[in-house]
Every structure is written in structure tokens, then in C-alpha cells.
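One structure is given below, encoded as C-alpha cells.
Computed from the coordinates by the stated procedures, all read-outs in this text should not be read as laboratory data. These figures come from a predicted structure and were not determined experimentally. Positions of Cβ are backbone-derived with ideal geometry, glycine not excepted, and every protein chain shown enters the neighbour counts.
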Amino acid sequence: MNIAVMPGSFDPVTNGHLDVLERALKIFDKVIIAIGENPRKQYLFSVDERKAMLRQATKGLPVEIDHFSGLLTDFAKNKGAVAIVKGLRAVSDFEYEFQAALMNRKLDNEIETVFVMTRGMYCYLSSSIVKEVASLGGKLTGLVPKQVESALRKKFS
Ligand code: PNS
């Protein structure tokens, strides 16, 4: 069984993440969504809230949802994953992702990073911009799952 890990903050999950996930599932038998804690970031949703939203959004798919702290390559190895899946949106993502992929290869040469390009309509989409729009009362129809839209509305009401 070919397993991949898809890391991210997922604060909250967007339709862009789900698009990358669906594409990754065409290549891998199972994807482990790995919610990571980036110490430089402040999160709106707790890990449990992010997990619950991901669980609902991925119902019926061969997906496991977990969280990790520490090195991503250690997490991937412990899970028996052969690859790390990262979504690529625009050129602006590339420099950081390139650096991270090469560092992860240095840390564990057995785990490949696979970049999956999102659908064009999601190229401008990020969890940060979604939170900004939600905080200002804007509509997010078609950009996040319905339950995420309600959760955002609740947070900012
Ligand atoms: O894209 P995001 O949301 O900022 O991702 C957050 C997270 C925690 C998943 C990401 O920062 C990550 O993969 N951290 C792992 C830390 C690590 O292994 N660093 C060394 C090689 S780059």
C-alpha cells in the first residue's frame, strides 16, 4: 500500500486543500493528513477543531487525520509513508517549498516530495485570506466546505 503524508496547518481546511487531496488520492492508496504546529504561526482553530472539520470534509475517502510536532520526515517514516504531498499554487509558493523539499530529502532520502498543482480557480486561495474575508463578513461560497463556513461565522460573530 502506497501511503503519502499531506502536511499543513489546515486553519481551516479549504477547497484548495481538498482539490490537492483528491488529486493525491489518484496516485496514492491512502493519504495521512498531518496537522502540524508551526511555532511562528498563531492559529484560529484548535487542533481538535481542525481535525473535526477535516474529518467531515473527507468522509468516505481513504484518509487518516493526525497531528504532529517535530520533524515531518520522522512523522512520515513512523507512519510508513513513501511520500510527502504538497500543493503548489503560484510561483510565490515555489521558493519555500523547494527549500523544504530539499531539506526533507537531506533528512530522509527514502521519502519523496510530490508537488500537486491546484485547479486554477484555487490559485489565489489560502487559509489566511479565507480568515480575513470571514472576519470582515464576506461570503466564502465555493471556497471552503459548508461546515467550515459556519465555523468561521461562529468564530467571528
Ligand atoms: O504550510 P504550513 O501551514 O505553514 O505548514 C505548517 C507545517 C507545520 C506543516 C510545516 O511548517 C511543516 O511541515 N513543519 C515541519 C517541520 C520540519 O520538518 N522542518 C524541517 C524541514 S523543512
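For T118, the residues 5 or more places off, or on other chains, whose built amide H falls under 5 Å of its own are L88. Kindly provide log₁₀ I(q)/I(0) values, in the same order as q = 0.17, 0.19 Å⁻¹, from the Debye equation applied to equal alpha-carbon scatterers of the stretch 3-155. Summing over Cα pairs of the stretch 3-155 leads to -1.01, -1.27. Each other residue within a Cβ distance under 11 Å of G120 adds +1 if Lys or Arg and -1 if Asp or Glu, for a net charge of +1. In this rough spin-label picture, where each label sits 7 Å from Cα along the Cβ direction, the Y96-D74 distance is 2.3 nm.
Which value, in debye to the nearest 20, gives the size of the charge dipole of the stretch 3-155 about its Cα centre, when Lys and Arg are +1 and Asp and Glu are -1 at the Cβ? If you can, show how the numbers build up before the last one.
Values: 22 positive and 18 negative charges, 101 e Å.
Taking the Cα centre of the stretch 3-155 as origin, the dipole is about 480 debye.
Each part gets one Cα centre, and for the stretch 81-133 versus the stretch 1-76 those centres are 12 Å apart.
When R23, R50 are sorted by how many other C-beta atoms sit within 10 angstrom of their C-beta, beginning with the fewest, the order is R23, R50. One decimal place: the segment D29-E110 gains 27.4 nm when fully extended, by the rule 0.36 nm per residue minus the C-alpha distance. The amide H of M6, built 1.01 Å from its N in the peptide plane, has I32, I33, A34, V85 as neighbours under 5 Å, considering only residues 5 or more places off or on other chains.
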